[in-house]
1. State whether the residues of segment A:152-165 include one that is more than 13 Å from the chain's Cα centre (by Cα), surrounded by fewer than 17 Cβ atoms within 10 Å (Cβ to Cβ) and more than 14 Å from chain B (Cβ to nearest Cβ).
2. How many residues does segment B:3-19 contain that are more than 11 Å from chain A (Cβ to nearest Cβ) and of a type in the set (Lys, Arg)?
3. Checking A:Ile149 against (1) β-branched (Val, Ile, Thr); (2) more than 15 Å from the chain's Cα centre (by Cα); (3) at pLDDT below 95, which test does it fail?
4. Within segment B:20-62, which strands (runs of 3 or more DSSP E) (wholly inside it) include 1 or more residues that are within 7 Å of another protein chain (Cβ to nearest Cβ) and among the charged types (D, E, K, R)?
5. For segment A:61-112, name all the residues that are among the polar types (S, T, N, Q) and under 18 Å from A:Gln123 (Cβ atoms).
6. Have a look at A:Ser159, A:Ser108 and point out the one that is touching a Lys or Arg at 6+ places or on another chain (Cβ under 8 Å) and either touching a residue at least 24 places away in the same chain (Cβ under 8 Å) or within 23 Å of A:Val48 (Cα to Cα) (or both).
7. Please find, among A:Asn164, A:Asn178, A:Asn116, the residue that is out of contact with any strand residue (DSSP E or B) (no Cβ under 8 Å at 6 or more places or on another chain) and at positive phi.
Amino acid sequence: MKKDIKQFQIGEVKLSSRLFVGTGKLPNYELIEEMYKEANVQVFTVAVRRIGPNTKHTQSVLEYIPKEAVIMVNTSGAKDHKEAIRIAEIGRELTKSDWVKIEIETDSKYLFPDNNGTILAAQVLVKEGFKVFPYIYPDLIVAKKLEEIGASAVMPLASPIGTNKGIGCEVLLKPIINEISIPVIIDAGIGRPSHAAKAMEMGADAVLINTAIATANQPVSMAKAFAKAVEAGRLAYEIGLLEEKEFASASSPLDDLIRGV
Amino acid sequence: VFVNDKPFEFSGNIIELLKELNLNPETTAVLVNNKIVPKAEFERTIVGDDDYVETISFVGGG
């Protein structure tokens, strides 16, 4: 069963927040520091892309991420394990961070991750000294394999990326949470704070949210709302949730009732 | 040279190229002919002619 740690630790890194945030789709990069300060977000994901002439990107997000925060580089855009490895290596050249979210997508409609390619990339990147965070389709056997390889965590999806559908595959996520001992970070598809709270109540170690925060009317306030939900869900999990019952059980005493009523 | 697929009139080292392109050498990675150039070698890496350069950095992503 799951460890019961108040402070979340991955490798050497101690974190006091279990809310990880993706920086895609943000209206401006200044919001990153505000989320760090006001919602205590400590881990931010970024993508590796061309920048400068003949590209859409003029600004590097790197300059906007607080020095104390952890940068997790994603390999989005990779179609196979070779491309993912290359993106990870380029990412590490840019920053001291060796945290990499392996993300290999060959299906553009649902953006489901390619679990096989992800395993191949993880094998190489772990050997190269990366802290590997594979984004996976929720499959216990794959998660076990990644744990064996030496991944720092697994990041199974809750629903397709950006859909805001919430925990769409609880019956597949629960076994992963129960059976593996590296952290489980629920990624993708979480659209509301209540979804995040549910993930944490299930025993997830953290959640990664992008679209639901970045595209909200007020991203920083929404990040705060998510932070509260994550904390509430985690606390409830640590205390222990009660079982559902079929029949009512009165909360008020059933004896010493008033006669005259 | 070619910068991100398009021809660009330039000859010199990587530091000079980035300056000309208005890119920060601290936050930009450079691939020359598909190979990563380590930051420490920016100054002594000369590009010109048909060299194929890609300028890369981090952008917002999930």
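1. yes
2. Qualifying residue count for the region: 1.
3. Failing condition for A:Ile149: (3).
4. On the way: elements: B:29-32, B:35-37, B:52-60.
The strands (runs of 3 or more DSSP E) meeting that bar are B:52-60.
5. We begin by selecting, within segment A:61-112, every residue among the polar types (S, T, N, Q); these are A:74-76, A:95, A:97, A:106, A:108.
Residue satisfying the conditions is A:Thr75 alone.
6. Numbers: A:Ser108 fails: touching a Lys or Arg at 6+ places or on another chain (Cβ under 8 Å).
Sole residue among the options that is touching a Lys or Arg at 6+ places or on another chain (Cβ under 8 Å) and either touching a residue at least 24 places away in the same chain (Cβ under 8 Å) or within 23 Å of A:Val48 (Cα to Cα) (or both): A:Ser159.
7. Numbers: A:Asn178 fails: at positive phi; A:Asn116 fails: at positive phi.
Criteria check complete, one pass: A:Asn164.
The rows are residues; the columns are (1) modelled with pLDDT of 95 or more; (2) within 26 Å of A:Thr23 (Cα to Cα); (3) not aliphatic (A, V, I, L, M).
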{"residue": "A:Ala197", "(1), (2), (3)": "yes, yes, no"}
{"residue": "A:Ala206", "(1), (2), (3)": "yes, yes, no"}
{"residue": "A:Gln218", "(1), (2), (3)": "yes, yes, yes"}
{"residue": "A:Ser249", "(1), (2), (3)": "no, no, yes"}
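The values are calculated or read from the model by the stated rules, or taken from the named source; none is laboratory data. In this text the structure is predicted, and so the values were computed from the model without any measurement. Glycine gets a Cβ as well: all are built from the backbone with ideal geometry, and neighbour counts include every protein chain shown.
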